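Single-structure report; data block below.
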Amino acid sequence: MNHWIIAPVVLPALIAPIIAFIMRHDVVLARVASVASTIALFAISVALTIMAASGETQVYFLGNWAAPFGIVLVLDRLSAMMLLLTSILALIVVTHSIATGWDAKGRHFHALFQFQLMGICGAFLTGDAFNLFVFFEVLLIASYGLMIHSGGKQRLQAGLQYVVMNLAGSTLFLFALGSLYAATGTLNIADIAQVVQSGEGDEAIIRVAAILLLVVFGIKAALVPMHFWLPATYSNAPAPIAALFAIMTKVGAYAIIRIHTIAFAPGNPETGNLIGDWLFPASLLTIAVGAIGVLGARRLMPLLSYSVIGSMGTLLLAVSVFEQYAMTTALYYLLHSTLSAAALYLVADLVISRRGTDALTVRTATAQNGLFAALFFAAAIAMTGMPPLSGFLGKLFVMDALSGPGVIGWAWSAILIGSLMTIVGFVRAGSQIFWKSTSIAPDEDTAATDMPRVSALQAAPAMVAVALLMALAAFAGPVTNYLEATSAQLFDSSDYINQVLARATEEAK
């Protein structure tokens, strides 16, 4: 076994309690430990991605117990890609948090940050449905602590709504797991797939479990009608935490992709195309809700939060057809939407901290208004899907994948109209915050020259996020080649199943 596979889970799990119990009173030590751990996670993720690029599915058996009786972690192209994306985002966010001083507004920021990374990495690596639930709970606890970091009445209220909604989702998750175990006798994803494909399980219960899991993962992915927790949560969370949460909705999308292409593979006799039939219209509604929310927003943070909802609708719309090319486009859009959302939240933090409000009203121009306008303009272009950045290519790829009969009319209309509404919303926001502000004469007490200027270190994370969006567009060819191989590996689940269960088969002989 390759022990590096478990490192992305173990590393933050070990660092977090050390920071919490030993370094919580010394912010400098906590910063050093957190940054060092995040850099190490990035290096490990790069190594694992290179290993996974060979196309071999690698399995780590915890306690040396064979699946399906023991817990397994599985490394393939998809999980490696998500680990790398998480580590890049984490490095950007922790740098921004330290540079802007957000981490110093509470004692446990870095400990919670590491626990959050543990839960995210574990969710991407686990090959067991119950342990996916466990890592979801780790995410819930850590994200709640980060959500209310630095306090405030509105933040606590939004955090309570977030927790209640996710606890309801956790309850449904347990019901789904109970139903699935009753029908198949296992919770190992590969073993479930084998039972479902053989037709040995109870078809009715399996279908119920599949729909319940879709609802649970839909809550995590902010899929309509389970989306309403996201605007309040992301809008009231500290901006760097909202940037980290850009990967949180992708955990829900990842779970839908992983479970419903392996355990409930499209076309199998038990569930057929049940998931896609429900996911497609829900994704259309998600795009519509996101676009309307962006158009109607009167504050910057809710505007960005609704744009995240709209982007999740586009992503899941491509996923819903469960075809190899469509999945390739969905994965490209997943990379793009995560980075673009993070970039927008980081830029918003720099702007709001200097304007004193996120209201979309005309106020005195801030110092370095041109720099903020350029960063916001670039990130907004990416999010709305305008050329030449990765958002344009992502939406173009998705529309190409959804050009078949029966879906083209609904899909293209939703994407194009939703994009137009989102563009209008961002243009209005940008003009109010940046363009019109330049024509307002600053008051004597609030002269633009007296406002705090952003340092190079504070601006660097947002710039890096925008640069990554440019790189994603510039190197779209090599990236899509990797994603095509990833999609092919997803839809040829035999290797995943065989690698996970091979050891148990050998021992049975």
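The values are calculated or read from the model by the stated rules, or taken from the named source; none is laboratory data. Predicted model, so just to flag it, every value in this text is computed and none were measured. Methodologically, a virtual Cβ is constructed for each residue, glycine included, from the backbone with ideal geometry; neighbour enumeration extends over all protein chains shown. Areas reflect the complete protein model, heavy atoms only, side chains present, ligands, DNA and RNA absent. Shrake-Rupley method; radii C 1.70, N 1.55, O 1.52, S 1.80 Å.
Things to note:
- Cα gyration tensor, region 1-140 - rounded (a/c under 1.5), prolate or oblate: prolate
- Using the alpha-carbon positions of region 253-393, Rg (one decimal) and Dmax (whole number) come out as 17.9, 63 Å.
- Cα pair distances in region 85-217, grouped into 5 Å bins until the bin that holds the longest one, percent each: 2, 10, 16, 18, 16, 12, 9, 7, 5, 3, 1, 0
- Working from the Cα coordinates of region 118-167, the gyration tensor eigenvalues give, after taking √(5λ), semi-axes of 25, 11, 5 Å in decreasing order.
- Within region 167-195, backbone nitrogen closer than 15 Å to the virtual label 7 Å beyond the Cα of W65 toward Cβ: 186-189
- Pairwise FRET efficiency - F228 versus E137, Cβ, R0 = 25 Å, nearest 0.05: 0.70
- Protein accessible area in the chain, 1.4 Å probe - carbon and sulfur %: 67 percent
- Listed candidates (1) 23.5, 71; (2) 22.3, 85; (3) 25.6, 83 - label of the one calculated as Rg and Dmax of the Cα atoms in Å: (2)
- Were the residues from E203 through F377 laid out at 0.36 nm apart, the gain over their Cα-Cα distance would be 57.6 nm.
- Taking the helices alone, the chain has a mean residue ellipticity at 222 nm of -24500 deg cm²/dmol, built from -39,500 (n - 2.57) per DSSP H run of at least 4 residues and averaged over all its residues.
- Placing R0 at 41 angstrom, the Cβ-Cβ distance between W4 and S170 gives a FRET efficiency of 0.85 after rounding to 0.05.
- Remark: for residue pairs K220/K395; K250/K395; K220/K436; K105/K436, the C-alpha separation exceeds 27 Å in K220/K436; K105/K436.
- Extension reserve of the W435-N273 stretch, reckoned as 0.36 nm per residue once the Cα distance is removed: 53.4 nm
- Proportion of all alpha-carbon pairs of region 269-338 beyond 15 Å (%): 56 percent
- Within region 130-286, all pairs of alpha-carbon atoms sorted by distance into 10 Å bins from zero give the percentages 11, 39, 30, 15, 5, 0.
- Calculated from the alpha-carbon coordinates, region 212-289 shows an Rg and a Dmax of 13.9, 46 Å respectively.
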